[in-house]
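Novice: Below is the structure I would like to discuss, written out as structure tokens.
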Amino acid sequence: MSDHYIRKEDAPLLPPPSSVAGPVHWIRENLFSGWFNSIMTLLAIYVLVVTVPGLVEYLFINAVWDSVDGKACRPAAGGGPNPADWSGACWSFAKAKFGFFMYGFYPDALRWRVDLTGVIGAVGLVLLLIETIPHKRWTAVFMLFVYPVIAYILLSGGMFNLEYVETNRWGGILVTLVVAITGIVVSLPLGILLALGRRSKMPAMRFASVLFIEIWRGVPLITVLFMASVMLPLFLPEGVHFDKLLRCLIGVALFSTAYMAEVVRGGLQAIVRGQYEGAQALGLSYWKTMGLIILPQALKLVIPGIVNTFIGLFKDTTLVLIVGILDLLGTVQTGLTDAKWFSPNTATSAYIFTAAIFWAFCFAMSRYSIYMENKLHTGHKR
Amino acid sequence: MNAPVNASNGGEGVQAENAIELISMNKWYGDFHVLRDINLEVKHGERIVVCGPSGSGKSTMIRCINRLEEHQKGKIIVDGIELTNDLKKIDEIRREVGMVFQHFNLFPHLTVKQNCTLAPIWVRKMPKSEADEIAMKYLERVKIPEQADKYPGQLSGGQQQRVAIARSLCMSPKIMLFDEPTSALDPEMIKEVLDVMVGLAHEGMTMLVVTHEMGFAKEVANRVIFMDEGQIVEANEPEEFFNNPQSDRTKLFLSQILI
Ligand SMILES: Nc1ncnc2c1ncn2[C@@H]1O[C@H](COP(=O)(O)OP(=O)(O)OP(=O)(O)O)[C@@H](O)[C@H]1O
Ligand SMILES: [Mg+2]
């Protein structure tokens, strides 16, 4: 038989040769695939060798984990127990002040109310974000409409026999989360409405939306906060008082609404006309077309932009500091003025601690958005 | 909810004589006069094929019938209801008129079945179980029940167009509009879509079809309408239309597409 290329028996199943898989191949493919990559790899190794040991020493080996004041974090010259060229993180500061960083001046005896609010919120969030858990609609209704009321009652008090706690005693992560979460929860729906308004066929709607967006987007957040905390009271009639934190919350929320509106509009613009026509031809009304067909697709497209705005908003909450509201960064800075804890290492490690907390929240948001994007991918090309 | 057979045309109590009536209908895009004095009557159960050169206004005409485009002069009466700016009437008409597009316009974020049940549930307020049942019935009818849980992006063009037809049928329309339903498809998929349409025609559906599939026209059309430069230039029974065209423009057009 001459057709020798036809197989008579099954070919054996073999493991891949080491040039296709295995560590050597991986290193060659990923680290030394050309002269440029090789140089970059060597450079990176050099930078790591120079920095990592010092960092590990500072963050872990030399770090002071337990102490009652800043003395243990000082080198000999400052009256501390350590050698002259010693430096190490002063984690004991963050540990000692942790309650302050969490709650600010919220009264000790009442902090369980903050904890309870946090626990309810966290449970609700988990129920919402994990997709295998049923009854999403009810959880969402609860979280959007009932939970804010519960949170307000618990945090503020003044009713149901709960002692009233003024917002200027709130502080730390509590304030950071209150500002950020309010901003996020308000800015997404309002931003969607504004984006729809800006694309509306009605000139008045369009004009109002554009005006709102351009005004808020064109002003620095700091200005907004100053306006809210200093200027606004001047315009309010005598005797009308409303809370400074609340004013800042509204300022932050509307500010991020303007950004959100533009992100959403970007998504709306990517939806082809055929989608609107398909929906209209079936008899769907404007709001049903938007809610069932256009927005689900548009929002999915701009998840990265939405999360980007959320993350920006989360970090911008630190700006409330300058109108005298103590967010996490504010409490850390207030804590640093405590002379008992003075040492050359206190400030650095306190800021590292703050940065780590902010990073953890932002990273979590980023990861969740990637997960969502993958989940919502339905195999259609665009 | 719907009244029995003959009594559901805008509350007038009698079946309107014509399914669609266009009376001296005109439309402009800016200064451009796209549709010029269109007069057309489509009887219930009638199948009409519309053809004509590219840019002659075929799509624009049938898109006016369910208000995807607005006409500026003349009257459009669909199943006894005159199309005006009254949103209620527009909604009413859209519920009775199904449309199939050249590019399918399926909703990519929903499964095939969800595409089909969406309008019955949200527009007809049908319970989900009933909508599911109807969706499966029509998916079987277009011969793709096994794809019900896939997303449109995972189907071939011919399958997608059949889903689009099923999606329209789920609203139990009285009239179906087709705008070049096969011209975005590969040749081997055209037949599967045409077969479904022929089936519909034999069941007595009122159909207005823009297409260049002359085989389809010969097989099922009661009338073939030829449009050029925004006007209806010729209308005739298929036999006459193909074998004995009257106007020179029709002759030219036919000579080009029939090669
Ligand atoms: N939105 C629009 N704005 C301006 N002009 C338009 C618009 N839509 C269509 N036209 C013009 O109107 C004319 C008719 O278009 P229409 O789509 O109805 O043609 P058609 O007969 O369906 O052609 P085809 O066979 O290519 O689909 C064309 O000249 C087109 O350029
Ligand atoms: Mg066309």
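Novice: Among the listed residues A:Glu277, A:Glu238, identify the single one that is free of Cβ contacts under 8 Å to residues at least 24 places away in the same chain, open to solvent by 50 Å² or more (accessible area, probe 1.4 Å) and of a type in the set (Asp, Glu).
Specialist: From the options A:Glu277, A:Glu238, the qualifying one is A:Glu238.
Novice: With respect to the numbered conditions (1) part of a loop (DSSP other than H, G, I, E, B); (2) more than 9 Å from chain A (Cβ to nearest Cβ), which one is the sole condition not fulfilled by B:Pro108?
Specialist: Only one criterion is unmet by B:Pro108, namely (2).
Novice: Could you tell me which numbered condition B:Met176 fails, if it satisfies all but one of (1) within 16 Å of ligand 2 (Cβ to nearest atom); (2) crowded, with 21+ Cβ neighbours inside 10 Å; (3) within 14 Å of another protein chain (Cβ to nearest Cβ)?
Specialist: Among (1) within 16 Å of ligand 2 (Cβ to nearest atom); (2) crowded, with 21+ Cβ neighbours inside 10 Å; (3) within 14 Å of another protein chain (Cβ to nearest Cβ), the lone unmet condition for B:Met176 is (1).
Novice: May I pose another question? Quick one: in region B:191-202, which of the residues that are more than 15 Å from the chain's Cα centre (by Cα) and over 14 Å from B:Ala164 (Cα atoms) is least open to solvent (accessible area, probe 1.4 Å)?
Specialist: B:Asp195
Novice: Filter region B:116-135 down to the residues that are more than 10 Å from chain A (Cβ to nearest Cβ) and open to solvent by 50 Å² or more (accessible area, probe 1.4 Å), then identify the one that is farthest from B:Gln147 (Cα to Cα).
Specialist: B:Lys125
Novice: I would also like to ask the following. For the structure I just gave you, tell me whether B:Glu92 is more than 25 Å from B:Asn222 (Cα to Cα) and within 16 Å of ligand 1 (Cβ to nearest atom).
Specialist: no
Novice: While we're looking at this one, here's another question. What is the residue count in region A:189-206 for residues that are open to solvent by 50 Å² or more (accessible area, probe 1.4 Å), part of a helix (DSSP H, G or I) and not basic (Lys, Arg)?
Specialist: Count: 6.
Novice: In addition: Within region B:136-171, which residues are open to solvent by 40 Å² or more (accessible area, probe 1.4 Å) and either facing chain A (nearest Cβ under 9 Å) or touching a residue at least 60 places away in the same chain (Cβ under 8 Å) (or both)?
Specialist: B:Lys150, B:Tyr151, B:Gln154
Novice: For region B:23-90, which fully contained strands (runs of 3 or more DSSP E) count at least 1 residues that are surrounded by fewer than 18 Cβ atoms within 10 Å (Cβ to Cβ) and in contact (Cβ under 8 Å) with a residue 12 or more places away in the chain? Even if it seems obvious, please write down each step before you answer.
Specialist: Details: elements: B:32-43, B:47-51, B:73-78.
In region B:23-90, the matching strands (runs of 3 or more DSSP E) lie at B:32-43, B:73-78.
Novice: State all residues of region B:34-85 that are within 29 Å of B:Gln256 (Cβ to Cβ), aliphatic (A, V, I, L, M) and over 17 Å from the mean Cα position of the chain (by Cα); if no residue qualifies, say none.
Specialist: Of everything in region B:34-85, those that are within 29 Å of B:Gln256 (Cβ to Cβ), aliphatic (A, V, I, L, M) and over 17 Å from the mean Cα position of the chain (by Cα) turn out to be B:Val34, B:Leu35, B:Ile38.
Novice: Considering only region A:75-84, I want to know if a residue exists there that is touching a strand residue (DSSP E or B) at 6+ places or on another chain (Cβ under 6 Å) and surrounded by fewer than 10 Cβ atoms within 10 Å (Cβ to Cβ).
Specialist: Taking every residue of region A:75-84 in turn, at least one turns out to be touching a strand residue (DSSP E or B) at 6+ places or on another chain (Cβ under 6 Å) and surrounded by fewer than 10 Cβ atoms within 10 Å (Cβ to Cβ).
Novice: Do we have B:Leu185 as within 16 Å of ligand 2 (Cβ to nearest atom), within 14 Å of another protein chain (Cβ to nearest Cβ) and within 23 Å of B:Arg141 (Cβ to Cβ) here?
Specialist: In short, no.
Novice: Could I ask something else about it? Might you check whether a residue that is within 13 Å of another protein chain (Cβ to nearest Cβ) and either open to solvent by 20 Å² or more (accessible area, probe 1.4 Å) or outside any helix (DSSP H, G or I) (or both) occurs anywhere in region A:252-270?
Specialist: Kept after step one, since they are within 13 Å of another protein chain (Cβ to nearest Cβ), are these residues of region A:252-270: A:267, A:270.
Cutting the leftovers down to either open to solvent by 20 Å² or more (accessible area, probe 1.4 Å) or outside any helix (DSSP H, G or I) (or both) gives us A:270.
Yes, region A:252-270 contains a residue that is within 13 Å of another protein chain (Cβ to nearest Cβ) and either open to solvent by 20 Å² or more (accessible area, probe 1.4 Å) or outside any helix (DSSP H, G or I) (or both).
Novice: For the subset of region A:130-170 comprising residues that are in contact (Cβ under 8 Å) with a residue 60 or more places away in the chain and not basic (Lys, Arg), which member is surrounded by the fewest Cβ atoms within 10 Å (Cβ to Cβ)?
Specialist: For region A:130-170, the residue satisfying everything is A:Glu131.
Novice: If a residue must be within 13 Å of ligand 1 (Cβ to nearest atom) and in contact with a Pro (Cβ under 9 Å, 6 or more places away or on another chain), how many such residues does region B:179-212 contain?
Specialist: 3
Novice: Scan region B:217-240 for residues that are in contact with a Cys (Cβ under 9 Å, 6 or more places away or on another chain) and without any contact (Cβ under 8 Å) to a residue 60 or more places away in the chain and report the count.
Specialist: Applying the first criterion (in contact with a Cys (Cβ under 9 Å, 6 or more places away or on another chain)) to region B:217-240 yields B:217, B:224-227.
Going one step further and asking which of them are without any contact (Cβ under 8 Å) to a residue 60 or more places away in the chain, we end up with none.
Total meeting the criteria: 0.
Novice: Of A:Lys300, A:Lys288, which residue is farther than 30 Å from A:Trp91 by Cβ, within 10 Å of another protein chain (Cβ to nearest Cβ), open to solvent by 10 Å² or more (accessible area, probe 1.4 Å) and in contact (Cβ under 8 Å) with a residue 40 or more places away in the chain? Please lay out each step first, then the result.
Specialist: Numbers: A:Lys288 fails: in contact (Cβ under 8 Å) with a residue 40 or more places away in the chain.
None of the other options fit; the residue is A:Lys300.
Novice: While we're here: Among the numbered conditions (1) touching a residue at least 24 places away in the same chain (Cβ under 8 Å); (2) surrounded by 12 or more Cβ atoms within 10 Å (Cβ to Cβ), tell me where A:Ile61 comes up short.
Specialist: It fails just one condition, (2).
Novice: Do any helices (runs of 4 or more DSSP H) entirely within region A:47-159 hold 1 or more residues that are in contact with a Cys (Cβ under 9 Å, 6 or more places away or on another chain), and if so, which?
Specialist: Here the list reads A:91-96.
One line per residue, one yes/no per condition, for (1) free of Cβ contacts under 8 Å to residues at least 40 places away in the same chain; (2) more than 30 Å from A:Met365 (Cβ to Cβ); (3) exposed (fewer than 11 other Cβ atoms within 10 Å of the Cβ):
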| position | (1), (2), (3) |
| --- | --- |
| A:Asn30 | yes, no, yes |
| A:Ile45 | yes, yes, no |
| A:Asp66 | yes, yes, yes |
| A:Trp91 | no, no, no |
| A:Lys95 | yes, no, no |
| A:Asp108 | yes, yes, yes |
| A:Val114 | no, no, no |
| A:Val123 | yes, no, no |
| A:Leu128 | yes, no, no |
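Novice: Same structure, new question: Looking only at region B:68-92, filter to residues that are away from ligand 2 (no atom under 16 Å from the Cβ) and touching a Lys or Arg at 6+ places or on another chain (Cβ under 7 Å); which one of those is nearest to the other protein chains (Cβ to nearest Cβ)?
Specialist: The qualifying residue nearest to the other protein chains (Cβ to nearest Cβ) is B:Ile90.
Novice: While we're looking at this one, here's another question. I'd like to know if region B:41-48 contains one or more residues that are within 16 Å of ligand 2 (Cβ to nearest atom) and either modelled with pLDDT of 90 or more or out of contact with any Lys or Arg (no Cβ under 8 Å at 6 or more places or on another chain) (or both).
Specialist: yes
Novice: Of everything in region B:59-84 that's under 12 Å from B:Val34 (Cα atoms) and in contact with a helix residue (DSSP H, G or I) (Cβ under 6 Å, 6 or more places away or on another chain), which residue is nearest to ligand 1 (Cβ to nearest atom)?
Specialist: B:Glu69
Novice: Read through the list (1) outside any helix (DSSP H, G or I); (2) under 22 Å from A:Gly324 (Cβ atoms), then give the number of the only condition that A:Leu174 fails.
Specialist: Unmet for A:Leu174, out of (1) outside any helix (DSSP H, G or I); (2) under 22 Å from A:Gly324 (Cβ atoms): (1).
The values are calculated or read from the model by the stated rules, or taken from the named source; none is laboratory data. Note that this is a predicted model, so its numbers are computed, not measured. Cβ atoms come from the backbone with ideal geometry, glycine included; neighbour counts cover every protein chain shown. Please note that ligands, DNA and RNA were not included when accessible areas were found on the heavy atoms of the full protein model with its side chains. Shrake-Rupley method; radii C 1.70, N 1.55, O 1.52, S 1.80 Å.
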